[in-house]
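Undergrad: Here it is, the structure, as C-alpha cells.
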Amino acid sequence: MAAPKGKDEDVRLMAALATFGVTSIVFFSVILLAPPVKVGPSEGELAPDFTAQAYSGGSWNDFRLSELFNKSWEDGGDGNWILIQYIDTDCPYCWTEGGKMSELHSQWGQDVTFVTVVLELSIPGHESSTAEIEAFRDKTSHDGCKGDSENCADRPGSAHSWLYVDDLAGRTAGDWEIPGTPFTALLQPDGIVAWNHNQPENHPSGEEMDGALQRLVPDDHEHDDHDHDEGGGGS
Amino acid sequence: MAVLDTPLMLFIAGLGVGSVMASIARSRGGEEGTQMMLNAGLAFIGVGLMSSGWTYAIHNSLLASGESSMCASEGLVQCGSVIGDPNWNNLFGVPWGMTGLISFSLLFFLFLSLRMDMHAKWSETFTNLSWYAGLAGLPFVAFLVFVELTQVDGAPHICPFCTVAHLSLIGFLVTAYLLRGRRESSNWT
C-alpha cells in the first residue's frame, strides 16, 4: 500500500497565521493585565534598576536602586527625589565636579537622596579600585585619583556623605547609556527620570543640575519625611 | 489567596492533561497515536505560552508598582525575588517571559504545521526541527533553575510560574522525542 500523501495545499501558511493569532492573543492579554513599563535613562522612563555593593563611609553593603523608589508617589507629594551621578575617579571633570556635588548636597541633601556610581572607563591610566572609591568619597590619602596624578585627599569639595556604588565592572553603564563621565540624572521619588544631563533639548537653555533641582524639586518639600538612609556618613 | 492561585492550578492541570495524552498516545500505534502525541505536544506548548505570558505580566507589574498581586513575593516559593531581580530577569534586556513567549510560538508553529498535515513532504524535517528547537531550550532552563536556586537576591527561591514554563518545555521535548521515535520505527502512520 502506498504511503499516505500530504495535502495539496501547503498548510504552513495557515499554521503561521494561527501561530501569529494565538501569540497575539496571549501578548495583548498580558498588555491588558499589566502594561509594559518603558525602562531607560531618558526623561519620562523608569530608571534602570540595578544591584551592587555600595560604600556608606564605614562599610560596603548591598544596594538596590529601586529600594529608594516610592511607587505610590504622586506629583507634588512627599518623597525623596534621587540624584544619580556617574563618575570615574580618574576623570578630571569628575574630580572638579566633586566640589560642585558637595555644594549641591549641602543645599539639597535634605530633599534629595544622592547616589554616586563609580565606573572605570576603558582609558589608560583610569584603573581604579574600591580603595580609590573610598578615598575619593572620604577625601582620604590615596595616590591614584584624577588619572593617577593626584592624591584623593586633595579632591575639591568636602568629604561626601552619601552612598558610592561600585560599578567598576561597568554592569550598569549599558542600561544607563552612559556616554562618558560625569553624567547626572534626577529621578522623581517614584523612579521616573525627570532630568537627564544628556537631553539638553528638553531643558531651559544652559540648565545644569542645580537649575534642574530648583526647577523640579518642590520648594515646600517636607524635610522630616525621609524614608531612606543615605549612609553611615550621615547628612 | 485561593483566587490568586487559580492560574497556577490551571497551568498544572494543563501539564497533567498533556502528560496523560502523551501516555495514551504511546500505547497507540499508527496515525491515531501520532495525532494524539502531537496534541499532547500542543497542550504542553499552550501551557508554556500562557505561563510565559503570565511571567511577563508579573515582570511588568513588578516594574510598575514594585509588587505584584499575581504571585507571592515572600518565602521560598515566590516570583518577586526571581522575576524582580534586575540582574537576572532578562536576556539582553528582553524579559524572560517575552523570550518564552517567542520561543513557544516557534514550537507552536512547528507542531501545528505537523498536526495540520502530518503526511507532508516536510513533516520529517519539521519533526527533527521540533526536537532540536526543544533541545536548544534546555540549556536556558538549566541556567534559569541555577539562577533561581543560587543567584537571585535571597536565593534559593523557586518561581512557580517559571517552573511551569520549564516543565512545559520538558514535556514538549519528550513528545518531540517520542514522535521522532515513531517516525524512525515506521510507526508514524
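Undergrad: Which Cys residues of the protein assembly as shown have no other Cys beta carbon under 4.7 Å away?
TA: Flagged as lacking a Cys partner: nothing.
Undergrad: Multiplying the sequence separation of A:SER122 and A:ILE31 by 0.36 nm and subtracting their Cα-Cα distance, what value in nm do you get? Walk me through the numbers on the way to the answer.
TA: Values: separation 91, 0.36 × 91 = 32.76 nm, distance 4.01 nm.
Result for the pair: 28.8 nm of gain on full extension.
Undergrad: In bins 5 Å wide, starting from 0, what share of all Cα pairs of segment B:1-85 does each bin hold, as a percent?
TA: Over segment B:1-85, the share of Cα pairs per 5 Å bin runs 3, 15, 19, 17, 14, 10, 9, 7, 5, 2, 0 percent.
Undergrad: Over chain A, what is the mean sequence separation of C-alpha contacts under 8 Å (at least six apart), divided by residue count, expressed as relative contact order in percent? Before the final figure, lay out each step's value.
TA: Working: 401 pairs, mean separation 63.6, N = 235.
Worked out over chain A, it gives 27 percent.
Undergrad: Right, here's the next one. Sorting A:TYR86, B:TYR177 on the 10 Å Cβ count, fewest up front, what's the list? It would help to have the intermediate numbers written out before the result.
TA: Numbers: A:TYR86 26, B:TYR177 14.
If I rank by nearby Cβ atoms, fewest first, I get B:TYR177, A:TYR86.
Undergrad: Counting other C-beta atoms within 10 Å, and keeping those with at most 11, which DSSP coil GluC sites (Glu not before Pro) do you find in segment B:1-92?
TA: On the way: sites: B:GLU31, B:GLU32, B:GLU67, B:GLU74; in loops: B:GLU67, B:GLU74.
Answer in residue order: B:GLU74.
Undergrad: May I pose another question? Among B:LEU42, A:LEU32, rank each residue by its count of other Cβ atoms within 10 Å, from fewest to most, as a rough exposure measure. Write down the numbers at each step before the final one.
TA: Numbers: B:LEU42 20, A:LEU32 9.
Placing the least packed residue first, the sequence is A:LEU32, B:LEU42.
Undergrad: Between A:GLU43 and A:GLN110, what is 0.36 nm times their sequence separation minus the Cα-Cα distance? Round to one decimal in nm. Show your work: numbers first, answer last.
TA: Numbers: separation 67, 0.36 × 67 = 24.12 nm, distance 2.33 nm.
Answer, rounded to one decimal: 21.8 nm.
Undergrad: Work out the FRET efficiency for B:HIS119 and B:SER27 from their Cβ-Cβ distance, taking R0 = 22 Å, and round it to the nearest 0.05.
TA: Numbers: r = 22 Å, r/R0 = 1.02.
Computed FRET efficiency for B:HIS119 and B:SER27 comes out at 0.45.
Undergrad: Ok, one more. Just grab the label-to-label distance for A:ALA159 and B:VAL17, each label 7 Å out from Cα along the Cβ direction, in nm (one decimal).
TA: Inter-label distance under the simple model: 6.6 nm.
Undergrad: How much net charge surrounds A:SER122 when only the other residues with a Cβ under 13 Å from the Cβ of A:SER122 are counted, with Lys and Arg +1 and Asp and Glu -1?
TA: Numbers: positive: none; negative: A:ASP88, A:ASP90, A:GLU120, A:GLU127.
Once all neighbours under 13 Å are counted, the net charge is -4.
Undergrad: Where does the protein assembly as shown land at 222 nm, in deg cm²/dmol rounded to the nearest 500, when only DSSP H runs of n ≥ 4 count, each adding -39500 (n - 2.57), divided by all residues?
TA: Working: 12 runs with 200 residues, N = 424.
Using -39500 (n - 2.57) per qualifying helix, the result is -16000 deg cm²/dmol.
Undergrad: Given the protein assembly as shown, what percent of its DSSP beta bridges are antiparallel, to the nearest 5? Intermediate values should be presented prior to the final figure.
TA: Details: 21 of 35 bridges.
So the antiparallel bridges amount to about 60 percent of the total.
Undergrad: Now for a different question. Dimensions of segment B:89-137 along principal axes (Cα, Å, largest first)?
TA: Projected onto the principal axes, the Cα atoms of segment B:89-137 cover 41, 18, 10 Å.
Undergrad: Please compute the modelled spin-label separation between A:GLN53 and B:PHE140, points set 7 Å along Cα→Cβ, answer in nm with one decimal.
TA: Placing both labels 7 Å along Cα→Cβ, they lie 3.3 nm apart.
Undergrad: Could you tell me the calculated FRET efficiency between A:GLN199 and B:MET9, based on Cβ-Cβ distance and R0 = 56 angstrom, to the nearest 0.05? Write out the running numbers ahead of the final one.
TA: Working: r = 47 Å, r/R0 = 0.84.
E(calc), rounded to 0.05, equals 0.75.
Undergrad: Taking other Cβ within 10 Å of each residue's Cβ, how do A:ASP62, A:ASP78, A:ASP148 sort, fewest first? Display every interim value, and only then the final one.
TA: Working: A:ASP62 10, A:ASP78 17, A:ASP148 14.
Ranked by crowding around the Cβ, least crowded first: A:ASP62, A:ASP148, A:ASP78.
Undergrad: Given R₀ = 35 Å, FRET efficiency for B:ILE158-A:ASP75 by Cβ-Cβ distance, to 0.05?
TA: Working: r = 39 Å, r/R0 = 1.11.
So the FRET efficiency works out to roughly 0.35.
Undergrad: Please compute the alpha carbon radius of gyration of the protein assembly as shown, then divide it by the globular-protein estimate 2.2 N^0.38 Å. Two decimals is fine. Let's see the in-between values first.
TA: Numbers: Rg = 27.2 Å, N = 424, 2.2 N^0.38 = 21.9 Å.
Compactness ratio reported: 1.24.
Undergrad: Take A:THR140 and A:MET14, extend 7 Å from each Cα along the Cα→Cβ direction, and tell me the distance between the two endpoints in nm.
TA: 7.5 nm
Undergrad: Summarise the partner chain shielding of B:61-70 as one whole number: the mean count of Cβ atoms from other chains within 10 Å of each residue's Cβ.
TA: Numbers: counts 4, 4, 11, 7, 5, 8, 1, 1, 1, 2.
Shielding by partners across B:61-70 averages 4.
Undergrad: Let me ask you something else. Please give me the summed charge of the neighbours of B:HIS157: other residues whose Cβ is under 12 Å from its Cβ, Lys and Arg +1, Asp and Glu -1. Spell out each step's value before the answer.
TA: Details: positive: none; negative: B:GLU74, B:ASP85, B:GLU148, B:ASP153.
Taking every Cβ under 12 Å from that of B:HIS157, the sum is -4.
Undergrad: Ratio of segment A:92-224's C-alpha Rg to 2.2 N^0.38 Å, to two decimals? Mind dumping the intermediate values first?
TA: Working: Rg = 15.3 Å, N = 133, 2.2 N^0.38 = 14.1 Å.
Here the answer is 1.09, to two decimals.
Undergrad: What fraction of the Cα pairs in segment B:123-189, stated in percent, has a spacing above 19 angstrom?
TA: Of all Cα-Cα pairs in segment B:123-189, 43 percent lie more than 19 Å apart.
Undergrad: Provide the descending list of Cα extents for segment B:83-164 along its principal axes, expressed in whole angstroms.
TA: Principal extents (Cα only, largest first): 51, 21, 18 Å.
Undergrad: Around A:LYS5, with a cut-off of 15 angstrom between Cβ atoms, what is the net charge of the other residues, counting Lys and Arg +1 and Asp and Glu -1?
TA: It works out to a net charge of -4.
Undergrad: Okay, moving on. Debye sum, Cα scatterers, segment A:1-84, no solvent: what log₁₀ I/I(0) at q = 0.10, 0.26 1/Å?
TA: Listed by q, the Debye log ratios stand at -0.56, -1.28.
Undergrad: Then there's this: Over what distance in Å are the Cα centres of segment A:59-80 and segment B:136-177 separated?
TA: 32 Å
Undergrad: Give the residue from A:ILE123, A:GLY144, A:TRP162 lying farthest towards the positive end of the charge dipole for segment A:122-181; charges sit on Cβ (+1 for Lys and Arg, -1 for Asp and Glu) and the dipole is referred to the Cα centre.
TA: Checked the options; the winner is A:TRP162.
Undergrad: May I pose another question? Counting alpha carbon pairs within less than 8 Å and at least 6 residues apart, what relative contact order, in whole percent, applies to segment A:2-89?
TA: Details: 38 pairs, mean separation 9.8, N = 88.
In percent, rounded to a whole number, it is 11.
Undergrad: Another question about this same structure. Quick one: how many lysine pairs in the protein assembly as shown have C-alpha atoms under 24 angstrom apart, if they're 8 or more apart or on different chains? Could you put the intermediate results ahead of the total?
TA: Values: A:LYS5/B:LYS121; A:LYS7/B:LYS121; A:LYS38/A:LYS71; A:LYS100/A:LYS139; A:LYS100/A:LYS146.
Lysine pairs meeting both conditions in the protein assembly as shown amount to 5.
Undergrad: Relative to the first principal axis of the alpha-carbon coordinates of chain B, what is the inclination of helix B:123-146, with its axis defined by its Cα atoms, in degrees from 0 to 90 and to the nearest 10?
TA: 20 degrees
Computed from the coordinates by the stated procedures, all read-outs in this text should not be read as laboratory data. If you're wondering where the values come from, they're calculated on a predicted model, not measured in any experiment. Neighbour counts are summed over all protein chains in view; Cβ atoms, including those assigned to glycine, are modelled from backbone coordinates with ideal geometry.
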